[in-house]
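Peer 1: Can you read through this structure? Questions will come right after.
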Amino acid sequence: MPASRTGVAAAGVILVIFLYAIDGTVVSIAMPTVVARLGDLELYSWVFSIYMLTSALATPLFGKLSDLFGRRRLMLIGIAIFTLGSALCGAAQSMGQLIVFRAIQGIGGGAIYALSFIIISVVFPGEKRAKMQGLISGVWGISSILAPLIGGLITQYWSWRWIFFVNLPGALVATVLIMAGFREATASGRKPQLDLKGAVSLLLGLLLLFYALAPGGKGSHGLSLFSFVLSAFALATLAVFFILERGSKEPIIPPDLFRLHLFKMAAALGALAAMGVFGVISYLPLYIQGVLGGTASEAGTALLLASVAWTGGSVMAGQGMNRFGYRAVCVAGMALMALGYGLFINLGARVGMLGALLDGILVGAGMGMVNVTTLVAAQNGVPISRVGVATSTVMLFRTFGGAFGVSLMGSVLFTEMYRQLVGLSVRSGMGISVTDLERLANPQNLMEPSVRLGIPERLLPVLVDVLGDSIWYAFLAGFVLMLIGFISSLFMDALTPATTPRPAGASEPKM
């Protein structure tokens with residue numbers, strides 16, 4: 001392929017990766033405003049969870065489909081799905097619609113993520129490939145810094161709908177660049193077997209579990225008997241998934257890798273750390289805007305500092321694991337994340353803007369340390385022929401962990417919020433229903449002058465306190481998860497990358 005055409009294809013891939021990378025953060029900045037406009041605050045966590053879930057499941061499936069139908073074709077289909085999902089999200093008229101459209105957008109995002117790395121590996125030879133992969137990693141770093149600023153500015157000075165519409169021109173340009181620059185004669189001769197039964201059972205099990213944690217129905221805000229029964233069905237479905245994976249020739253999550261202690265610990269710690277960082281990304285902006293009365297730009301600043309700390313933690317991990325080993329770095333990282341959550345719950349109502357910023361910095365730095373260390377450990381802890389599948393499996397665990405953490409914290413938040421609003425409805429003596437109190441307690445509505453005028457003066461600070469207390473309980477749940485992560489990190493292998501023996505015991509995938 002001519003160098004000029006290669007450069008055009010690379011530009012298209014980099015652009016579409018940038019759009020995918022910034023999407024999650026800009027949405028988290030805008031969500032307090034979105035729930036004010038669309039209502040249904042109890043569905044808040046689903047906007048994040050469903051996107052992460054469909055994206056994670058689409059990633060391995062589109063990677064395998066590209067071997068059957070060609071990378072170029074599948075990448076263009078992925079961009080089209082992502083663009084369609086973005087347009088529909090921007091036009092959503094209810095939270096229910098937004099969740100469905102985010103699921104569509106997530107499918108496209110997962111395809112983009114998978115195909116970008118595959119196309120780079122096809123287009124560029126060995127030494128240039130490494131440079132391009134490094135460049136893509138740099139794009140992720142830049143996007144983590146720019147996304148909070150972009151999300152805050154668009155939401156505050158334009159419209160929340162444009163955090164989705166802004167993807168459309170970029171996706172169009174990326175499509176043109178990839179069509180012009182990437183030519184593929186034929187698809188690969190290898191015919192992979194798609195693990196569709198595994199994908200369906202995993203999707204169904206996780207959807208049931210997330211729905212049990214966040215029912216989302218009016219008057220159904222608590223962790224009820226229904227939730228526990230549904231959770232039991234979810235766990236049974238996930239058990240079926242793992243049984244199916246044992247017999248699959250190309251499983252989504254290879255069971256044999258979990259016989260390796262280092263890989264098993266890396267996957268578990270990666271999932272626990274993701275629960276912590278996505279909890280902060282999802283609910284810290286809600287606290288800053290809804291309780292502290294901050295702007296979307298101020299919430300963006302908090303996530304910007306967390307992103308910078310994440311980058312710094314990643315750099316420290318790269319040096320630290322070579323000197324002190326995987327265990328020491330993971331222990332330090334999980335300790336920082338637990339400290340960040342602990343600071344928030346210890347300060348309670350006294351958490352001001354400075355405390356919120358510090359919370360994000362500590363959790364971001366800890367995630368950076370655990371994120372890099374667990375990935376390197378997983379890659380070094382498996383046979384060389386299994387590095388690719390080990391990497392994708394750890395990434396899946398992180399995504400599922402993040403989605404679970406967001407759902408669990410959301411369930412705790414809305415359980416406590418509904419409990420307090422029921423009590424407030426009884427105590428207020430003003431004949432205000434729980435439904436009306438929910439509407440008034442919407443974080444963005446509490447900052448809307450027209451809405452504030454309609455709230456009884458003595459009730460306004462009480463509603464703010466209800467939201468603040470509810471978020472406190474959500475962060476308490478996050479703190480418990482981080483304590484579990486810290487204790488688990490003590491069992492991580494104390495090896496360094498240089499002293500990690502390359503195992504030969506894990507079986508090769510059946511062909």
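Peer 1: Take each of the peptides 233-244, 35-46, average the number of other beta-carbon atoms within 10 Å over its residues, and list them starting from the highest.
Peer 2: Per-residue mean Cβ counts within 10 Å order the peptides as 35-46, 233-244.
Peer 1: How high is the relative contact order of the range 1-180, in percent, counting Cα pairs under 8 Å that sit 6 or more residues apart? All intermediate terms of the calculation are to be shown ahead of the outcome.
Peer 2: Values: 238 pairs, mean separation 73.6, N = 180.
Across the range 1-180, relative contact order equals 41 percent.
Peer 1: Sorted by packing (mean other beta-carbon atoms within 10 Å per residue), highest first, where do 144-157, 355-368 land?
Peer 2: Result, highest mean Cβ count within 10 Å first: 355-368, 144-157.
Peer 1: So between residue 494 and residue 97, what do we pick up on full extension, going 0.36 nm a residue minus the alpha carbon distance? Working shown, then result.
Peer 2: Details: separation 397, 0.36 × 397 = 142.92 nm, distance 4.77 nm.
Separation in residues times 0.36 nm, less the Cα-Cα distance, equals 138.2 nm.
Peer 1: Looking at the range 296-346, I'd like the Rg to Rh ratio, where Rg is from alpha-carbon atoms and Rh is Kirkwood's inverse mean 1/r.
Peer 2: Result for the range 296-346 is an Rg/Rh of 1.08.
Peer 1: Using a Förster distance of 25 Å, how high is the FRET efficiency between residue 243 and residue 385, based on the Cβ-Cβ distance and rounded to 0.05?
Peer 2: Plugging the Cβ-Cβ distance into 1/(1 + (r/R0)^6) gives 0.50.
Peer 1: Highest first, please rank the peptides 22-29, 197-204 by the mean number of other Cβ atoms sitting within 10 Å of their residues.
Peer 2: The peptides rank, most packed first, as 22-29, 197-204.
Peer 1: Moving on. Extending each Cα 7 Å along its Cβ direction at residue 422 and residue 225, get the distance between those two points in nm, one decimal.
Peer 2: Placing both labels 7 Å along Cα→Cβ, they lie 1.4 nm apart.
Peer 1: How would you rank 480, 47, going from fewest to most other Cβ atoms within 10 Å of each one's own Cβ?
Peer 2: Fewest-to-most ranking of 480, 47: 480, 47.
Peer 1: If neighbour count is taken as other Cβ atoms inside 10 Å, put 52, 95, 321, 353 in order from fewest to most. Spell out each step's value before the answer.
Peer 2: On the way: 52 27, 95 21, 321 24, 353 14.
Taking fewest neighbouring Cβ atoms as first place, the list is 353, 95, 321, 52.
Peer 1: So if we plug the beta-carbon distance of residue 204 and residue 323 into 1/(1 + (r/R0)^6) with R0 = 35 Å, what FRET efficiency do we get, rounded to 0.05? Please list the in-between numbers first.
Peer 2: Working: r = 45 Å, r/R0 = 1.28.
After rounding, the FRET efficiency stands at 0.20.
Peer 1: Considering only DSSP states other than H, G, I, E and B, which trypsin sites (Lys or Arg not before Pro) in the range 244-317 qualify as loop sites with at most 13 other Cβ atoms within 10 Å?
Peer 2: Numbers: sites: 246, 249, 259, 264; in loops: 249.
Those that pass, being in a loop and sparsely packed, are 249.
Peer 1: Would you mind giving the average projected area, over all directions, of the Cα convex hull of the range 1-180 in nm² with one decimal?
Peer 2: With every direction weighted equally, the projected area is 9.7 nm².
Since every read-out is calculated from the coordinates, none of them should be taken as a lab result. The model shown is predicted, which means the values in this text are computed figures rather than measured ones. With ideal geometry, Cβ positions are generated from the backbone for all residues, glycine too; neighbour counts draw on all protein chains shown.
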